[in-house]
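Working notes, structure below.
The values are calculated or read from the model by the stated rules, or taken from the named source; none is laboratory data. Given the structure is predicted, the values throughout are model-derived calculations rather than measurements. Quick reminder, even Gly has a Cβ in these numbers, built from the backbone with ideal geometry, and neighbours come from all protein chains shown. The protein model used for the area step is the full one, side chains on, heavy atoms only, and it has no ligands, DNA or RNA in it. Shrake-Rupley method; radii C 1.70, N 1.55, O 1.52, S 1.80 Å.
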Amino acid sequence: MTVESTAARKPRRSAGTKSTAGKTTTARKSPSTDPQLVQLLTPEGERVKNAEYDEYVAGITPDELRGLYRDMVLTRRFDAEATSLQRQGELGLWASLLGQEAAQIGSGRATREDDYVFPTYREHGVAWCRGVDPTNLLGMFRGVNNGGWDPNSNNFHLYTIVIGSQTLHATGYAMGVAKDGADSAVIAYFGDGASSQGDVAESFTFSAVYNAPVVFFCQNNQWAISEPTEKQTRVPLYQRAQGYGFPGVRVDGNDVLACLAVTKWALERARRGEGPTLVEAYTYRMGAHTTSDDPTKYRADEEREAWEAKDPILRLRRYLEASNHADEGFFAELEAESEALGKRVREAVRAMPDPDHFAIFENVYADGHALVDEERAQFAAYQASFADEGGN
């Protein structure tokens with residue numbers, strides 16, 4: 001597997017063909033030019049100037065650029081391995097980030113160690129930036145734990161399955177940070193689908209009223225499972241911030257430099273006590289919503305292929321090569337590191353011990369409960385029945 005392999009791993013359907021639901025899928029057009037879209041690297045890998053945000057990446061070194069590329073490549077390799085493991089029955093489910101690497105790595109690398117991150121369940125690249133071992137992300141999806149890492153060790157909260165609720169947690173935490181007088185900031189990740197949740201609206205209200213130091217980072221990957229963004233909003237998502245009284249910015253979510261710069265700006269603004277910001281990273285989910293989803297039922301191939309041409313990893317590679325910041329030796333070494341990571345992840349997942357089957361009965365009540373005791377006994381008898389059958 002090459003380090004730049006993308007959604008081409010799955011079979012393709014011709015665009016405009018009918019889905020099993022009897023409907024014809026059509027390609028949706030994205031604006032070719034958007035004056036409100038912050039972009040520092042074009043899809044062709046050309047550096048473009050931006051008077052407002054250039055200063056936030058002005059001092060970036062070739063080594064740091066190679067680091068961003070390495071982050072994206074290894075994150076994609078980990079994600080691909082996790083998808084394969086699910087297909088092999090080693091994971092119950094997996095939510096892929098394929099295509100969203102620049103949004104996650106750029107924003108993740110903009111955070112400081114003392115900042116606190118509240119993810120949803122797709123922020124594998126942000127977890128990588130926060131120093132969470134990627135194998136720890138897989139326990140929940142294998143069903144052997146409820147998270148797999150200590151949130152306080154990396155200031156990276158556990159994955160949140162309930163859509164949008166982590167924005168409330170982030171807002172409350174940020175309000176506490178402000179009351180403590182700390183100069184750290186909080187960042188909450190969610191998707192375009194979650195932006196329609198009431199929890200997110202409440203978070204916007206509270207953060208604005210209390211001037212909370214929080215950045216709301218929305219990865220607009222165009223599809224809330226099978227629901228396109230035009231079924232959720234009449235205006236670009238970043239403009240929703242206006243109604244709450246704080247800034248909103250739309251950034252090219254496939255441009256790692258732009259995501260880095262805009263997130264740095266928003267986090268610094270929060271640390272100065274200037275309140276919340278909504279960042280809409282305009283990107284695309286190249287794969288399925290999760291491994292239980294079939295995107296060929298609701299979107300056309302032309303749309304996905306148009307976004308594959310804007311691939312975030314290929315974009316940065318073109319810039320590195322054109323600027324003579326990386327040679328073939330670097331890419332070859334990274335390819336080997338990528339394969340080693342895939343092997344380590346695969347071996348770690350298969351070596352995960354099964355959880356204690358009776359742990360689910362612990363900590364239900366502080367002082368115990370007769371009903372829980374009864375259920376535990378029934379479950380013990382059920383488990384014992386398998387041993388009896390094996391003996392016969």
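Tabulated data
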| read-out | value |
| --- | --- |
| Count - residues of the range 184-196 that are open to solvent by 10 Å² or more (accessible area, probe 1.4 Å) and either of a type in the set (Lys, Arg) or farther than 20 Å from residue 97 by Cβ (or both) | 2 |
| Single unsatisfied condition, residue 239 versus (1) within 28 Å of residue 310 (Cβ to Cβ); (2) touching a residue at least 24 places away in the same chain (Cβ under 8 Å) | (2) |
| Checking residue 131 against (1) within 23 Å of residue 346 (Cβ to Cβ); (2) open to solvent by 50 Å² or more (accessible area, probe 1.4 Å); (3) out of contact with any strand residue (DSSP E or B) (no Cβ under 9 Å at 6 or more places or on another chain), the condition it does not meet | (3) |
| Answer from 351, 340 - the residue that is over 22 Å from residue 106 (Cβ atoms) and loosely packed, with under 12 Cβ neighbours inside 10 Å | 351 |
| Test result for residue 308, open to solvent by less than 10 Å² (accessible area, probe 1.4 Å), acidic (Asp, Glu) and in contact (Cβ under 8 Å) with a residue 12 or more places away in the chain | no |
| Scope the range 293-327; condition among the polar types (S, T, N, Q) and modelled with pLDDT of 95 or more; matching residues | 323, 324 |
| One residue from 271, 234, 250 being out of contact with any helix residue (DSSP H, G or I) (no Cβ under 7 Å at 6 or more places or on another chain) and either at pLDDT 95 or above or open to solvent by less than 10 Å² (accessible area, probe 1.4 Å) (or both) | 271 |
| For residue 96: the one exception among (1) within 28 Å of residue 362 (Cα to Cα); (2) among the polar types (S, T, N, Q); (3) assigned to a loop (DSSP other than H, G, I, E, B); (4) touching a Lys or Arg at 6+ places or on another chain (Cβ under 9 Å) | (1) |
| Residue list for the range 58-85, restricted to those being surrounded by fewer than 20 Cβ atoms within 10 Å (Cβ to Cβ) and part of a helix (DSSP H, G or I) | 62, 63, 64, 65, 66, 67, 70, 84 |
| Index of the failed condition, residue 94 passing every other in (1) closer than 24 Å to residue 270 by Cβ; (2) touching a residue at least 60 places away in the same chain (Cβ under 8 Å); (3) of a type in the set (Phe, Trp, Tyr) | (1) |
| Test: residue 144 is surrounded by fewer than 22 Cβ atoms within 10 Å (Cβ to Cβ) and of a type in the set (Val, Ile, Thr) | yes |
| Candidate set from the range 100-128 (those that are of a type outside the set (Asp, Glu), touching a helix residue (DSSP H, G or I) at 6+ places or on another chain (Cβ under 8 Å) and assigned to a loop (DSSP other than H, G, I, E, B)); member that is surrounded by the most Cβ atoms within 10 Å (Cβ to Cβ) | 100 |
| Pick from the range 173-191, criterion without any contact (Cβ under 8 Å) to a residue 24 or more places away in the chain and part of a helix (DSSP H, G or I), ranking: farthest from residue 204 (Cα to Cα) | 180 |
| Some residue of the range 355-368 being touching a residue at least 60 places away in the same chain (Cβ under 8 Å) and out of contact with any Leu (no Cβ under 6 Å at 6 or more places or on another chain) | yes |
| Flag for residue 215 being closer than 20 Å to residue 253 by Cβ, open to solvent by less than 10 Å² (accessible area, probe 1.4 Å) and at pLDDT 95 or above | yes |
| Cross-chain or 6+ apart pairs with Cβ under 7 Å, the range 327-353 first and at negative phi, then open to solvent by 60 Å² or more (accessible area, probe 1.4 Å) and in a helix (DSSP H, G or I) | 330/66; 334/70; 349/142; 352/142 |
| Qualifying residue in the range 135-151 (condition: charged (D, E, K, R) and in a helix (DSSP H, G or I)) | yes |
| Failed condition for residue 145, given (1) farther than 19 Å from residue 207 by Cα; (2) within 13 Å of the chain's Cα centre (by Cα) | (2) |
| Condition met for residue 171 (in contact with a Phe, Trp or Tyr (Cβ under 6 Å, 6 or more places away or on another chain), over 19 Å from residue 106 (Cα atoms) and either at pLDDT 95 or above or open to solvent by 50 Å² or more (accessible area, probe 1.4 Å) (or both)) | yes |
